[in-house]
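This report refers to the structure that appears directly beneath it.
The values are calculated or read from the model by the stated rules, or taken from the named source; none is laboratory data. Model, not experiment: these values are computed from the prediction. Counting neighbours? That spans all protein chains shown, and the Cβs are built from the backbone with ideal geometry, glycine included. These accessible areas exclude ligands, DNA and RNA; they are computed on the full protein's heavy atoms, side chains included. Shrake-Rupley method; radii C 1.70, N 1.55, O 1.52, S 1.80 Å.
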Amino acid sequence: MKLSNKVALVTGGLKGIGRATVMELATQGADIALNYRASEKNKVLAEELVKELKDLGRDVLCVEGDISHEEDVEKIFKSIKKYFGHLDILVNNAGLQQDASFIDMTLAQWQKVIDVNLTGQFLCSREAIREFLKRGMNDKSKALGKIINISSVHETIPWAGHANYASSKGALRMLMQTLAQEYGKQKIRVNNICPGAIQTPINKPAWDNKESLDALMTLIPYDRIGQPEDI
């Protein structure tokens, strides 16, 4: 229960790495602000996850919203402040892929991935840092606040056919380093986690048939594809 009395916001927290992160934070004692985009399917998934979290004894706030929209992000953080009174941890997990060869990639495909994978992290991090600075230090942690970005190995490794995704993650690396440099002196920690291949809905075409999975496994030295819980 290392995170008892802490509040963590996880964006895109219903599936894959986001859901596994939510469960691990809750297992360690954190109360959860659960973010996801509004849809009927997501509401059902959220209800199921909320029940699991409450069974663990955690307090949960569902905060719907599209993190690529500034107004939505502002509403998310206002809701968290009103309900919990504070925020200790931000996990910038929400992300997507819209793959295409570079010459066939549309501006809409490029912009959508940048908006969610990079601008969304900027907007959420900005609001979190504002909240951390406004709240000030307390005796519950050695850090004023913590930001964890779920990035990718493709923040450093090129990825042909995925120029928008790789560009968003490369830029996220520089955003993380810049924020760590700018706010480290105020004891705000900012880090990226950079997984390789993880079996989640975002990359289903890479593993949902034997031929694709066999091709993927030639790139993985551990004889199995990673699972969200590994993160």
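The stretch 53-167 holds helices (runs of 4 or more DSSP H) entirely within its bounds, and those carrying 1 or more residues that are within 27 Å of Thr27 (Cβ to Cβ) and open to solvent by less than 10 Å² (accessible area, probe 1.4 Å) map to 70-84, 120-135. Residues in the stretch 195-203 include none that are at pLDDT 75 or above, within 17 Å of Val116 (Cβ to Cβ) and aliphatic (A, V, I, L, M).
For Leu96, state whether it is under 24 Å from Val22 (Cβ atoms) and either more than 21 Å from the chain's Cα centre (by Cα) or in contact (Cβ under 8 Å) with a residue 12 or more places away in the chain (or both). Judged against the criteria, Leu96 is a match. Scanning the stretch 2-28 for residues that are aliphatic (A, V, I, L, M) and either more than 17 Å from Lys146 (Cβ to Cβ) or within 11 Å of the chain's Cα centre (by Cα) (or both) yields Leu9, Val10, Leu14, Ile17, Ala20, Val22, Met23. Residues of the stretch 34-46 that are within 14 Å of Lys15 (Cβ to Cβ) and open to solvent by 40 Å² or more (accessible area, probe 1.4 Å): Arg37, Ser39, Lys41, Lys43, Val44, Leu45. Selection of the stretch 184-200 for residues being open to solvent by 50 Å² or more (accessible area, probe 1.4 Å) and either among the basic types (Lys, Arg) or over 16 Å from Ser151 (Cα atoms) (or both) yields Lys185, Gln186, Lys187, Arg189.
Cβ-Cβ contacts under 8 Å between residues 6 or more apart (or on different chains), taken from a first residue in the stretch 105-124 that is in contact (Cβ under 8 Å) with a residue 12 or more places away in the chain and at negative phi to a second residue that is among the charged types (D, E, K, R) and open to solvent by less than 10 Å² (accessible area, probe 1.4 Å), are listed as Asn117/Lys169.
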